[in-house]
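Engineer: Quick one: this structure, given as structure tokens, is what I'll be asking you about.
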Amino acid sequence: MPLIEIKNLHARIGEREILKGINLAIEPGTVHAVMGPNGAGKSTLSNVIAGREGYEVTEGEILFNGENIAELSPDERARAGIFLAFQYPVEIPGVTLSTFLKAALNARRKAAGEAEIAPVEFLKLMRDTARRLNLPDDLIRRPVNVGFSGGEKKRADIFQMSVLEPTLCLLDETDSGLDIDALKVVSEGVNALRSPERGFLVITHYQRLLNHIVPDVVHVFADGRIVKTGDASLAEELEANGYADYTDAA
Amino acid sequence: MTDHPLPFIEHLTEAAAHLPGGPTAAALRQRGLDHWCALGLPGRRSEAFKYTRLDGLKDIGFHAAPLRDPHPAADIPAGDALTGDAHVVVMVNGRCSPHLSDLDRLPDGVKLDSLRAVLESEPESLDDLLGRQINTEHHPFAALNTGLLADGVVLTIAPGTTLERPIHLIHVGETADHALAVHPRVLVRLGQGSAATLLESRIGVGGAPCLMNSVTEILLEAEATLDHVSLLNLPEGFTSLALAGIDLGQKARYHGFIMGLGAGMARHETRIRLSGEQAHAGLDAAAVLAGNQHLDITTLIEHAVPQCTSTQTVKSVLDDSARGVVQGKVVVAPDAQKTDARQQFRALLLSPKAEADTKPELEIYADDVACAHGAATGALDAEQLFYLTSRGIDPRTARGLLIEGFLAEALERVPGGAHGPRDSLADLLARRLSGRLAATPDAEATP
Ligand SMILES: Nc1ncnc2c1ncn2[C@@H]1O[C@H](COP(=O)(O)OP(=O)(O)OP(=O)(O)O)[C@@H](O)[C@H]1O
Ligand SMILES: [Mg+2]
């Protein structure tokens, strides 16, 4: 059974249809990359999967582990194992990354019938993960994303993902704004999470990321549809030729 | 009582005959009475009370609180007050209660007495303090308080003395079967170079309404430092009116913090006069209100001389039909050059029926000054809520985190550092927030 199966998904914002019939299945253990021009609907797709308000699904369905998630709220989806690394991570003044993550982690543990994490264990987890992602120690004591550099925000999202260990990771342009070293560190962080039961949807504009996180499947997204699907070599082809072939077709 | 055109007039006339103090106190009371008669309850045309309607007070048949020492009240809701190590003074219905207070471990140089005792024994010692920091001519409730002046607390700190433990003044309102009006007066004098922390908690019990109408007068001589934290945590049926008049000498520092968790109706006014050069006043507040609670924080900071600084941050969280009023005025006198004055008022509305009225106001007559003010009102941010919930946090907890985050900046400003009342305030706040406040389902739908 696919980890997530999206069938003929149509979604609109207000009167405007953005997703025009998406079909996509991600098997556990695989990495799918999504590439496509600005405004094609890539973020919309990841937002709709995460359950963000403001989108109306007019047709089709999303099955996660075989179950339709239409009625699940964002927090229920997250506790079920879906994680979205934001294209634009949000600043939360006054709430430290550590307070935030502890609440998130305990929410998942509670849903799984587990006890709250012990403070010492939590601290160790935070410190080890921060070190692995080359994040300064003090970042976890600062308010979430407030005053973080662009690259730090992206790394902080991957940091959260590493701590929460979701089964479906949606990465929306996590590579944008990262310097070359950070790109490597983040990719290593993502690769470390690759496992037989976990699946990834990696949205990116640059083939460069896919040199580090090698995808099993690459999709070209244009005007609300997947217009082509191939293997890793498709990304290289896009890098060379651009989207002209596909946008004309769409 | 209710059929009388001017409420409290019977309290005033009856009281005059047997209240403590010498001729000065009597004369002061007479002035208070005259001014109350001239002013009466603030009406619709009162600019100062524009957002806070108090005419309803005339329909409540308030009784005057008895003058005798209060018996030790068995059911003081101490858990509603600030906690922590302090010299505690309890006033029950405006009367200083020696039984409930611990005044025996005061260090040298610190005098703490009931106002009534001082009025009876050495009223002349109050001549340059009592009635000096406030003007009853324009303030009806201060006039009323003065007309009924009988008890309260007098705190005097000798020059050069540093008081290590805070003084904690607990105002308890306790009603049984009839409504009570109480009018405590607090007088504080810090001698040159002295330092102290004053905590105040306003708490109450009882089914009948209570009007707590307090006046506080604080004089900081040169280089004196006072941290002053006031908690307002009264039941629904209570009305809390307070006026504080504070004067700062040269290089004196005052830092006030008000935490408003409510009364049904409350108006707290602080008037600060920076009258010595290089003095600094901080005046911060945080409020968390729900139901039909109303809190009006009105402030005046008067820069009378050059080179003084003042800062003010007020953050309010308003749920249900609560209303938060913040009127803050800064006046810079013509020769108060090099003044630096900052004001920042922010309100978070959790419900479409909640209302925030924020009015920062600058009146500047000097030219070489740095003044800034700002006010903002908004609902919880939908993007932030989505970010939190997308990590698995349920909406109620997410809202609670955002509310706490909103207030965090204000809480950081609670004076007294690690040994101060910050933790105690944070606890009270957490208890408040764990109630129904964060539960508003339509919070993020607020435009
Ligand atoms: N809240 C909104 N209201 C109206 N239109 C919206 C809204 N959000 C997105 N859109 C529109 O939907 C379309 C798809 O947006 P989306 O963010 O999904 O694109 P994208 O493929 O992620 O683009 P990019 O590569 O630039 O990130 C765009 O035309 C965008 O303007
Ligand atoms: Mg996008």
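The values are calculated or read from the model by the stated rules, or taken from the named source; none is laboratory data. Since the structure is predicted, the reported quantities are computational estimates derived from the model, not experimental observations. Neighbour counts run over all protein chains shown; Cβ positions are idealised from the backbone, glycine included. Note: areas computed on protein heavy atoms with side chains; ligands, DNA, RNA excluded. Shrake-Rupley method; radii C 1.70, N 1.55, O 1.52, S 1.80 Å.
Engineer: For the list (1) surrounded by 14 or more Cβ atoms within 10 Å (Cβ to Cβ); (2) within 16 Å of ligand 2 (Cβ to nearest atom), I need the number of the one condition that A:N38 fails.
Structural biologist: Of the numbered conditions (1) surrounded by 14 or more Cβ atoms within 10 Å (Cβ to Cβ); (2) within 16 Å of ligand 2 (Cβ to nearest atom), the odd one out for A:N38 is (1).
Engineer: Also, I was wondering about something else. Filtering the stretch B:36-58 down to residues that are assigned to a loop (DSSP other than H, G, I, E, B) and among the charged types (D, E, K, R), which residue is modelled with the lowest pLDDT?
Structural biologist: B:R44
Engineer: Residues to consider are B:F345, B:F406; find the one that is modelled with pLDDT of 90 or more, within 23 Å of the chain's Cα centre (by Cα), assigned to a strand (DSSP E or B) and of a type in the set (F, W, Y).
Structural biologist: Details: B:F406 fails: assigned to a strand (DSSP E or B).
Going through B:F345, B:F406 in turn, the sole match is B:F345.
Here is a yes/no grid of residues against (1) more than 14 Å from chain B (Cβ to nearest Cβ); (2) under 15 Å from A:L170 (Cα atoms); (3) within 16 Å of ligand 2 (Cβ to nearest atom):
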{"position": "A:V185", "(1), (2), (3)": "yes, no, no"}
{"position": "A:G189", "(1), (2), (3)": "yes, yes, no"}
{"position": "A:L193", "(1), (2), (3)": "yes, yes, no"}
{"position": "A:Y206", "(1), (2), (3)": "yes, no, yes"}
{"position": "A:L210", "(1), (2), (3)": "yes, yes, no"}
{"position": "A:I213", "(1), (2), (3)": "yes, yes, no"}
{"position": "A:T229", "(1), (2), (3)": "yes, no, no"}
{"position": "A:E237", "(1), (2), (3)": "yes, no, no"}
{"position": "A:D245", "(1), (2), (3)": "yes, no, no"}
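Engineer: Hey, among A:D172, A:D157, which residue is within 14 Å of another protein chain (Cβ to nearest Cβ), within 16 Å of ligand 2 (Cβ to nearest atom) and over 23 Å from A:E17 (Cα atoms)?
Structural biologist: Checking each option against the conditions leaves just A:D157.
Engineer: Another one. For A:P2, only one of the following conditions fails: (1) within 16 Å of ligand 2 (Cβ to nearest atom); (2) of a type outside the set (G, A, S); (3) assigned to a loop (DSSP other than H, G, I, E, B). What is its number?
Structural biologist: The one condition A:P2 does not meet is (1).
Engineer: Still on this structure, I have one more. Any residue that is within 16 Å of ligand 1 (Cβ to nearest atom), open to solvent by 50 Å² or more (accessible area, probe 1.4 Å) and more than 12 Å from chain B (Cβ to nearest Cβ) - is there at least one of those in the stretch A:108-123?
Structural biologist: No, the conditions are met nowhere in the stretch A:108-123.
Engineer: Mind listing whichever residues of the stretch B:63-106 are under 17 Å from B:T175 (Cβ atoms), at pLDDT 90 or above and of a type in the set (A, V, I, L, M, F, W, C)?
Structural biologist: Scanning the stretch B:63-106 gives B:V90, B:M91, B:V92.
Engineer: What are the residues in the stretch B:241-257 that are of a type in the set (S, T, Y) and not in a strand (DSSP E or B), if any?
Structural biologist: The answer is none; no residue qualifies.
Engineer: Another question about this same structure. Suppose the filter is surrounded by fewer than 21 Cβ atoms within 10 Å (Cβ to Cβ) and in contact with a Phe, Trp or Tyr (Cβ under 7 Å, 6 or more places away or on another chain); does A:I13 pass it?
Structural biologist: So A:I13 passes the test.
Listed here are the residues, each with its yes/no results for (1) in a strand (DSSP E or B); (2) open to solvent by 10 Å² or more (accessible area, probe 1.4 Å); (3) modelled with pLDDT under 95; (4) not acidic (D, E).
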{"site": "B:L155", "(1), (2), (3), (4)": "yes, no, no, yes"}
{"site": "B:E200", "(1), (2), (3), (4)": "yes, no, no, no"}
{"site": "B:S214", "(1), (2), (3), (4)": "yes, no, no, yes"}
{"site": "B:T239", "(1), (2), (3), (4)": "yes, yes, no, yes"}
{"site": "B:M259", "(1), (2), (3), (4)": "yes, no, no, yes"}
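Engineer: Could you tell me whether the stretch B:305-321 includes any residue that is within 21 Å of B:A426 (Cα to Cα), in contact with a Ser or Thr (Cβ under 6 Å, 6 or more places away or on another chain) and part of a loop (DSSP other than H, G, I, E, B)?
Structural biologist: Yes - at least one qualifying residue is present in the stretch B:305-321.
Engineer: Looking at the stretch B:382-412 only, could you name the residues that are within 17 Å of A:P74 (Cα to Cα) and in contact (Cβ under 8 Å) with a residue 60 or more places away in the chain?
Structural biologist: B:A382
Engineer: Okay, moving on. Taking the criterion of being of a type in the set (A, V, I, L, M) and open to solvent by 10 Å² or more (accessible area, probe 1.4 Å), would at least one residue in the stretch A:194-209 satisfy it?
Structural biologist: no
Engineer: Restricting attention to the stretch B:14-24, does a residue exist that is modelled with pLDDT of 85 or more and open to solvent by less than 30 Å² (accessible area, probe 1.4 Å)?
Structural biologist: Looking through the stretch B:14-24, none of the residues is modelled with pLDDT of 85 or more and open to solvent by less than 30 Å² (accessible area, probe 1.4 Å).
Engineer: Whether any residue in the stretch B:240-254 is in contact with a helix residue (DSSP H, G or I) (Cβ under 6 Å, 6 or more places away or on another chain) and under 24 Å from B:R189 (Cβ atoms) is what I want to check.
Structural biologist: Yes, that holds for at least one residue.
Engineer: Next question. From (1) open to solvent by 10 Å² or more (accessible area, probe 1.4 Å); (2) in contact with a helix residue (DSSP H, G or I) (Cβ under 9 Å, 6 or more places away or on another chain), pick out the condition that doesn't hold for A:A244.
Structural biologist: Going through (1) open to solvent by 10 Å² or more (accessible area, probe 1.4 Å); (2) in contact with a helix residue (DSSP H, G or I) (Cβ under 9 Å, 6 or more places away or on another chain) one by one, A:A244 breaks only (2).
Engineer: Please specify each residue of the stretch A:50-65 satisfying the condition of being within 12 Å of ligand 1 (Cβ to nearest atom) and under 16 Å from the mean Cα position of the chain (by Cα).
Structural biologist: Correct list: A:R52 only.
Engineer: Which condition number in (1) modelled with pLDDT under 95; (2) among the basic types (K, R); (3) under 27 Å from A:A33 (Cα atoms) is the one that A:R79 fails?
Structural biologist: Exception for A:R79: condition (1).
Engineer: Another one. Inside the stretch A:171-250, counting only strands (runs of 3 or more DSSP E) that do not spill past its ends, which hold 1 or more residues that are free of Cβ contacts under 8 Å to residues at least 24 places away in the same chain and of a type in the set (S, T, N, Q)? Write out each step before concluding.
Structural biologist: On the way: elements: A:199-203, A:217-222, A:225-230.
Hits in the stretch A:171-250: A:225-230.
Engineer: Here's something else I'd like to know. Have a look at A:V90, A:V48, A:V57, A:V31 and point out the one that is open to solvent by less than 20 Å² (accessible area, probe 1.4 Å) and away from ligand 2 (no atom under 16 Å from the Cβ).
Structural biologist: Of A:V90, A:V48, A:V57, A:V31, the one residue that is open to solvent by less than 20 Å² (accessible area, probe 1.4 Å) and away from ligand 2 (no atom under 16 Å from the Cβ) is A:V31.
Engineer: Taking the stretch B:389-401, which residues are at the interface with chain A (Cβ under 7 Å from one of its Cβ atoms) and either within 14 Å of A:T96 (Cα to Cα) or not in a helix (DSSP H, G or I) (or both)?
Structural biologist: Once the filter is applied, which keeps residues that are at the interface with chain A (Cβ under 7 Å from one of its Cβ atoms) and either within 14 Å of A:T96 (Cα to Cα) or not in a helix (DSSP H, G or I) (or both), the stretch B:389-401 yields B:S390, B:R391, B:G392, B:I393, B:D394, B:L401.
Engineer: Would it be correct to say that A:K102 is closer than 21 Å to B:G405 by Cα, within 13 Å of chain B (Cβ to nearest Cβ) and not β-branched (V, I, T)?
Structural biologist: yes
Engineer: I'm trying to understand the selection: among the residues of the stretch B:361-378, which are in a strand (DSSP E or B), open to solvent by 30 Å² or more (accessible area, probe 1.4 Å) and more than 14 Å from chain A (Cβ to nearest Cβ)?
Structural biologist: Result: B:E361, B:L362, B:E363, B:I364, B:A370, B:C371, B:A372, B:H373, B:A375, B:T377.
Engineer: How many of the residues in the stretch B:290-300 are in contact with a Leu (Cβ under 7 Å, 6 or more places away or on another chain), buried (at least 23 other Cβ atoms within 10 Å of the Cβ) and touching a residue at least 40 places away in the same chain (Cβ under 8 Å)?
Structural biologist: 1
Engineer: Okay, moving on. Look through the stretch A:74-85, keep the residues that are more than 7 Å from every other protein chain (Cβ to nearest Cβ) and outside any strand (DSSP E or B), and return whichever of them is most open to solvent (accessible area, probe 1.4 Å). Even if it seems obvious, please write down each step before you answer.
Structural biologist: Of all residues in the stretch A:74-85, those more than 7 Å from every other protein chain (Cβ to nearest Cβ) come to A:76-77, A:80-83, A:85.
Checking which are outside any strand (DSSP E or B) leaves us with A:76-77, A:80-81.
Numbers: A:E76: 74, A:R77: 19, A:A80: 48, A:G81: 4 Å².
Per the criteria, the residue is A:E76.
Engineer: Turning to a different aspect of this structure: Go through (1) out of contact with any Gly (no Cβ under 6 Å at 6 or more places or on another chain); (2) over 22 Å from A:A78 (Cβ atoms); (3) not in a loop (DSSP other than H, G, I, E, B) for A:Q160 and report which single condition fails.
Structural biologist: The single condition A:Q160 does not satisfy is (2).
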